[in-house]
Amino acid sequence: MAGPHEPAASSSSVHKQRTLKPLPLFAGLTDDELALVAQRARLVDVGKDELVYTEGDPPDALYVVVTGRARIFARGVTSQEETLQYVHRGDYFGVISLLTQQPHTVTVKAINDCLLVKIRQADFDALLKAIPSLAVHVSRTLSRRLSQKRRDRARQVFEATIVSVYSAVRGTGRTQYAINLADSLQRETAKRVILVDMSPSGTEIAALLGGATATPAIGLRGETFDPERVQRAIVAYPSGLATLNVAHDPRLASDETQIAPLLAFLAQEFHFVLVDLPREMDRTVFKALLQADLVHVVTDTAPENLTAARELLDECRRTLQLAVERVRLIVNGRAGSVSPPELEARLQHAVQAVLPAAARPLVEGGRPIVALDPGDPYAQAVRRLAREVGGVRVGLALGSGAALGLAHIGILRVLEREKIPIDVVAGSSIGALIGAFWASGMNAGQLEEVAMIFKGRWQTFNLFAPDIVIPLPTFGFITGRRIVRLLRHYLGDRTFQDLRVPLRIVTCDYAHRRLVVLGEGPVVDAVRASISIPAIFVPHPMNGRHMIDGGILDPVPVDVLLNMGVTKIIAVNTLPSPEDIHRRYEELAAEQAAREATMTGVWPKRWRWLKRRLIDLVEPKIADVIMHSMQAMEYILAEHGCQQADVSLHPTIPRINWYEFYSVETLVRRGEEEAERFLPQIKQLLAV
């Protein structure tokens with residue numbers, strides 16, 4: 001099969017910089033460093049089922065995925081292909097062979113059409129010397145990835161992630177959280193996961209899971225590391241999760257040199273290694289934090305515990321390399337009630353998640369709540385965190401389209417019915433409105449009930465009627481007060497942090513012509529800003545800026561999800577294409593001609609003419625011109641955005657106009673039909 005092929009004409013440096021900047025490997029670089037990378041990088045296309053390189057090929061380049069997905073596999077002892085990893089946007093490969101100068105030990109094949117960044121050997125070496133932070137990032141990857149197979153076992157893991165779970169105080173729910181996260185990781189990713197118990201007894205996790213508490217804890221003593229001893233101590237549970245008892249009491253003497261080889265060994269055997277650390281800090285515990293790719297600091301909202309967490313986070317920033325990227329703050333909301341913004345202000349660190357109170361014990365009868373009750377709010381929050389750690393988050397981009405956007409409701413209904421997990425939603429214009437309602441906890445049925453308010457044409461006109469305030473509107477005909485009242489009725493004073501599903505809303509700072517992505521503050525304000533159609537709605541003031549419709553610059557915000565590191569994206573574009581519009585006018589003209597051909601007599605024809613004139617008087621012609629002009633432009637941008645998604649849905653109905661909010665049932669049904677048509681592709685997306 002053909003391999004990656006570079007475009008005939010090299011992409012411009014500016015275009016490449018824009019392509020590179022959102023990728024995690026390059027996200028922290030300065031503009032000058034990014035320009036240097038752009039000079040030495042090439043963008044290459046790889047078609048579906050094409051090979052990037054094969055096992056045994058000499059090292060040639062570093063590859064970074066921009067769009068698409070690829071499969072990394074090796075030949076096992078039976079010569080059967082053994083899948084080691086699926087790579088998505090932002091993942092990179094080829095680095096081990098470059099740094100070791102050894103032939104590739106794996107084969108990489110594109111699952112679908114891919115765009116890759118390719119940096120050849122000489123350019124890669126030059127960049128590592130010129131950009132220290134890039135060298136640090138790559139060195140961490142090198143320490144995680146294992147290029148050699150163990151002599152007595154076939155290689156099972158291409159890359160492992162080590163997560164240390166730590167709390168500065170007792171009673172914050174750390175161990176129960178670690179159990180639920182580990183179990184959820186195994187279920188959500190179907191990969192090999194091990195949970196390491198480093199409590200003083202080494203049996204706390206086994207006692208909670210009802211496992212073999214008699215299995216001896218291996219401890220951390222001895223002059224040499226013994227992998228066989230560790231292998232014998234691993235306990236496998238029927239759920240697929242594995243555990244390892246490693247008794248470590250920081251008050252007693254232990255060998256701190258044992259922790260690094262232990263974690264390195266486990267990283268050869270498991271895709272995810274979760275370490276539940278004891279509260280007391282010593283050199284061994286500190287080394288476990290240093291070895292981790294991610295550190296989940298668990299606290300609750302008790303004032304004294306927040307103080308301890310703040311001190312711990314300050315220490316992490318001083319001593320852990322890339323602490324801001326690696327440390328995740330997890331707040332158990334069972335005790336006290338402090339809002340996420342207050343928590344972040346007090347702790348001076350972003351809150352990754354606030355875990356809501358659970359309706360039952362977090363571990364009951366030997367089973368974690370994520371297995372017993374996946375729908376529990378606590379379980380849902382942990383499952384979402386697991387999908388983020390596992391790199392399998394699913395994002396939904398809901399686009400512009402005015403009334404046509406009601407088709408989003410039908411899409412959501414099918415996703416709910418099929419239990420398709422959605423970890424984050426990004427919305428623009430009507431997509432922002434529907435996304436906000438759904439993220440707040442409303443289901444598709446409730447959304448349709450709200451939309452049915454507009455089933456009568458008078459109700460639609462009343463909601464969007466121009467405000468008679470001044471003779472000549474300066475910014476728009478509609479202030480949006482009625483819509484804000486409607487939004488507040490359903491959303492209240494919710495902030496983004498109060499939503500059940502993470503949400504991003506796209507709007508536009510019209511004075512500076514800049515895209516603004518909103519993810520904090522009051523949700524109603526964000527939605528009102530995103531639906532502010534220019535010249536129809538008065539722009540919405542926010543923080544001294546005037547915001548207008550997000551669809552102007554980003555009608556289907558796939559890029560927002562990509563920049564958040566979401567690897568699996570479903571996009572919905574409800575905007576009609578030029579072909580749809582042309583077909584609509586042809587059909588309407590043909591129907592009108594057929595009706596007129598059947599008319600006999602003067603009065604029916606005159607009544608028909610008069611009826612058309614009356615309709616022309618009440619139909620929003622000025623708004624029609626504005627909307628059709630906008631949607632023609634937005635469609636092009638939307639299609640470009642959808643090309644970056646994994647699955648793109650286009651539930652349009654050419655016969656329905658942008659203002660026909662009263663066609664609720666037809667639009668919702670069309671969304672359902674489109675989602676059902678693409679269900680096989682959506683399910684395939686979840687499987688890889």
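The values are calculated or read from the model by the stated rules, or taken from the named source; none is laboratory data. Quantities reported herein were computed from a predicted structural model and do not represent experimental measurements. As a convention, Cβ positions derive from the backbone with ideal geometry for all residues, glycine included, and neighbour counts pool all protein chains shown. In case anyone asks, the SASA skips ligands and DNA or RNA and just uses the protein heavy atoms, side chains included. Shrake-Rupley method; radii C 1.70, N 1.55, O 1.52, S 1.80 Å.
Kindly indicate the residue of segment 371-385 that is over 18 Å from residue 333 (Cα atoms) and in a helix (DSSP H, G or I) and also least open to solvent (accessible area, probe 1.4 Å) among those meeting that condition.
Filtering segment 371-385 for residues that are over 18 Å from residue 333 (Cα atoms) and in a helix (DSSP H, G or I), the one least open to solvent (accessible area, probe 1.4 Å) comes out as 371.
Within segment 291-319, count every residue that is crowded, with 18+ Cβ neighbours inside 10 Å and free of Cβ contacts under 8 Å to residues at least 12 places away in the same chain.
Within segment 291-319, residues that are crowded, with 18+ Cβ neighbours inside 10 Å and free of Cβ contacts under 8 Å to residues at least 12 places away in the same chain number 0.
For segment 126-143, does any single residue satisfy the condition of being among the polar types (S, T, N, Q) and modelled with pLDDT of 85 or more?
no
Restricting to segment 28-46, name every residue that is over 26 Å from the mean Cα position of the chain (by Cα), open to solvent by 60 Å² or more (accessible area, probe 1.4 Å) and touching a residue at least 40 places away in the same chain (Cβ under 8 Å).
Once the filter is applied, which keeps residues that are over 26 Å from the mean Cα position of the chain (by Cα), open to solvent by 60 Å² or more (accessible area, probe 1.4 Å) and touching a residue at least 40 places away in the same chain (Cβ under 8 Å), segment 28-46 yields 40, 42.
Report the residue count in segment 434-463 for those that are open to solvent by less than 70 Å² (accessible area, probe 1.4 Å), modelled with pLDDT under 85 and out of contact with any helix residue (DSSP H, G or I) (no Cβ under 8 Å at 6 or more places or on another chain).
Qualifying residue count, segment 434-463: 1.
Does segment 354-370 contain at least one residue that is of a type in the set (A, V, I, L, M, F, W, C) and in a helix (DSSP H, G or I)?
Yes; the residues of segment 354-370 include at least one that is of a type in the set (A, V, I, L, M, F, W, C) and in a helix (DSSP H, G or I).
Restricting to strands (runs of 3 or more DSSP E) lying wholly in segment 214-310: which have 1 or more residues that are within 31 Å of the chain's Cα centre (by Cα), within 21 Å of residue 388 (Cα to Cα) and charged (D, E, K, R)?
272-276
Collect the residues in segment 175-203 that are among the charged types (D, E, K, R), within 25 Å of residue 333 (Cβ to Cβ) and open to solvent by 30 Å² or more (accessible area, probe 1.4 Å), keeping them in residue-number order.
187, 188
Taking segment 93-139 as the region of interest, how many residues are aliphatic (A, V, I, L, M), over 15 Å from residue 41 (Cβ atoms), open to solvent by 10 Å² or more (accessible area, probe 1.4 Å) and in contact with a Leu (Cβ under 8 Å, 6 or more places away or on another chain)?
Matching residues across segment 93-139 total 4.
Out of (1) over 15 Å from residue 117 (Cβ atoms); (2) modelled with pLDDT under 80, what's the single condition that is false for residue 72?
(2)
Can you tell me which residues in segment 496-520 are within 20 Å of residue 442 (Cβ to Cβ) and either modelled with pLDDT of 90 or more or assigned to a loop (DSSP other than H, G, I, E, B) (or both)?
496, 499, 500, 501, 502, 503, 504, 505, 518, 519
Is it true that some residue in segment 320-329 is touching a Cys at 6+ places or on another chain (Cβ under 7 Å) and surrounded by fewer than 22 Cβ atoms within 10 Å (Cβ to Cβ)?
Yes, some residue in segment 320-329 is touching a Cys at 6+ places or on another chain (Cβ under 7 Å) and surrounded by fewer than 22 Cβ atoms within 10 Å (Cβ to Cβ).
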